[in-house]
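To keep things clear, I will list the structure first and then write my remarks on it.
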């Protein structure tokens, strides 16, 4: 915990990251990102993150992630449920009211 409050990374953190070379077979960037995220989550218990409803396709959920729920605040993974349709509806509501003009 002292390390976290000091703003420091774990000792030898770079040695935990996956190693790649030009001779490796091609792998998609999302898959490579998933591998790095899993390694970081293994050595940094304070690691947390989240994604929109595309988590399954952008591979941002690591293998030991626990979904954030209001009943247990000590969790790691947040699902953001706002999508483009909700944002569009919100903007339309702002436009249809004079409230929108306060942000322009």
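The values are calculated or read from the model by the stated rules, or taken from the named source; none is laboratory data. Since we're looking at a predicted model, the values are computed, not measured. Because the Cβ atoms are built from the backbone with ideal geometry, glycine has one as well, and the counts that use them run over all protein chains shown.
Structural remarks
- Scanning the stretch 80-91 for residues that are modelled with pLDDT under 55 and in contact with a helix residue (DSSP H, G or I) (Cβ under 9 Å, 6 or more places away or on another chain) turns up at least one hit.
- Residue in the stretch 26-42 that is in contact with a strand residue (DSSP E or B) (Cβ under 8 Å, 6 or more places away or on another chain) and assigned to a helix (DSSP H, G or I) present: yes
- The set of residues from the stretch 14-25 being part of a helix (DSSP H, G or I) and in contact with a helix residue (DSSP H, G or I) (Cβ under 6 Å, 6 or more places away or on another chain) comprises just one member, 16.
- The stretch 59-71, residues that are modelled with pLDDT of 65 or more and farther than 12 Å from residue 37 by Cα: 66, 67
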